1. To one decimal place, what orientation-averaged projected area in nm² is obtained for the convex hull of the Cα set of the chain?
2. To test your reading of the geometry: what angle, between 0 and 90 degrees and rounded to tens, separates the Cα axis of helix 234-246 from the longest principal axis of the chain?
3. In whole Å, how far is the Cα centre of the stretch 19-50 from that of the stretch 149-199?
4. Can you classify the stretch 247-321 as rounded, prolate or oblate using the Cα gyration tensor, where a ≥ b ≥ c are the square roots of its eigenvalues, rounded means a/c under 1.5, and otherwise it's prolate if a/b beats b/c and oblate if not?
5. Expressed as an acute angle from 0 to 90° and rounded to the nearest 10, what is the orientation of the C-alpha long axis of helix 280-292 relative to the principal long axis of the chain?
6. Of GLY294, ALA114, ALA80, which is farthest along the charge dipole of the chain in the positive direction, counting Lys and Arg as +1 and Asp and Glu as -1 at C-beta?
7. Can you tell me the FRET efficiency between VAL19 and ARG312 if r is taken as the Cβ-Cβ distance and R0 is 41 Å, rounded to the nearest 0.05?
8. Report the extension gain between THR126 and ASP225 in nm, rounded to one decimal, defined as 0.36 nm multiplied by the number of residues separating them, less their alpha carbon distance.
Amino acid sequence: MSDAACRPARPDSDSEAVVPIERHSLLSDQRTAAIVTPDARVVWLCEPRIDSPPLLAELLGGPDAGFFSVRPLEAGGDPAQRYVGHSMVLETSWDAMSVIDYLDCSEGLPTEPAGRSRLVRVLSGTGKALVEFTPSPGPGNRQLECSASGIEVRGGDTRLARLRSPGLDWRIESHRGDDIVRTEVDLSTGAVVLELLCGTGAGEYASSEPERRSATIEHWRGWMDGLDLPPLQTDLVRRSALVLKALCHGPTGAIIAAPTTSLPQDLGGSRNWDYRYCWMRDASMAAAALVRLGSIDEAMDLLDWLLRLIDRGGAELDHLAPI
């Protein structure tokens with residue numbers, strides 16, 4: 001999706017129509033990724049790493065596989081969606097409300113080795129919104145628990161994630177045998193910030209949400225400003241370059257082929273690969289494309305990572321490797 005593109009979405013969140021894959025949008029912090037539908041429904045998120053099991057997987061398994069949705073409580077017309085500036089910060093707008101979505105890139109998170117991620121959703125407007133969240137069942141049983149600061153996702157005695165939302169009145173309901181949490185918020189009283197915190201120490205930070213959003217935008221825009229973009233199809237090349245950068249794994253230098261797994265290359269086909277690996281051919285092509293645009297750091301980081309792999313394994317590289 002180009003920076004300026006605004007597009008209609010499916011008519012409502014209960015529609016059975018399948019959203020074409022090309023109409024989804026990508027969020028990234030260069031350590032994991034989320035995929036969002038045109039109506040602001042997060043349908044894919046692996047946490048805390050890009051190659052971890054998915055916390056949200058509606059993209060593959062339907063609503064029972066986990067989603068995180070935000071929508072007007074009453075019909076608000078078809079939403080429009082755009083990226084904010086030259087960044088991976090996404091805005092979805094209806095008549096009476098909007099939501100800003102991003103994976104936090106502040107405080108050096110994109111290159112931090114620890115596995116933690118923060119999906120931030122900022123709701124604003126004049127109407128009322130319905131928020132729904134249910135995680136993927138995953139390996140073993142996952143439970144939802146209410147706390148003073150929001151919702152905790154637990155697997156046995158381990159906290160897998162926390163949906164932080166102080167002051168909101170959540171209710172846990174049973175939906176097709178799994179728990180789902182819902183809340184209604186009146187945006188006329190002020191903006192609401194929802195933060196899905198995954199991994200060790202994901203909730204520890206000193207900066208305010210506006211500061212972290214600004215830092216995230218600058219993370220992407222600052223890199224983009226250093227590119228040598230062509231005069232033709234500039235917006236398309238810029239957005240394509242951002243997607244390639246989003247696939248560069250900050251902590252290691254590896255470049256993954258795609259943020260998803262198990263999607264068929266052709267509908268009904270058997271080529272349902274896991275692209276959350278570094279596929280050598282794809283990675284070299286991505287690095288070469290960025291070099292042609294004037295950014296060589298990604299190619300150097302990829303080579304450094306490959307050399308570390310060779311030193312550690314003492315064998316020839318295969319056609320793919322885990323990050």
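Every number in this text was worked out from the coordinates using simple rules, so none of it is lab data. Computed from a prediction, not measured in an experiment: that's the story for all the values here. Glycine also receives a Cβ, built like all others from the backbone with ideal geometry; neighbour counts cover every protein chain displayed.
1. On the way: hull surface 69.1 nm².
Result: 17.3 nm².
2. Taking the Cα atoms of the chain, the angle to 234-246 is about 90 degrees.
3. If we compute the Cα centre of each part, the gap is 19 Å.
4. Values: a/c = 2.41, a/b = 1.40, b/c = 1.73.
Oblate is the answer for the stretch 247-321, as a/c is 1.5 or above yet b/c matches or exceeds a/b.
5. The angle comes out at about 90 degrees.
6. Result: GLY294, furthest along the dipole toward the positive end.
7. Details: r = 41 Å, r/R0 = 1.00.
FRET efficiency, VAL19 to ARG312: 0.50.
8. Values: separation 99, 0.36 × 99 = 35.64 nm, distance 3.51 nm.
Length gained between THR126 and ASP225: 32.1 nm.
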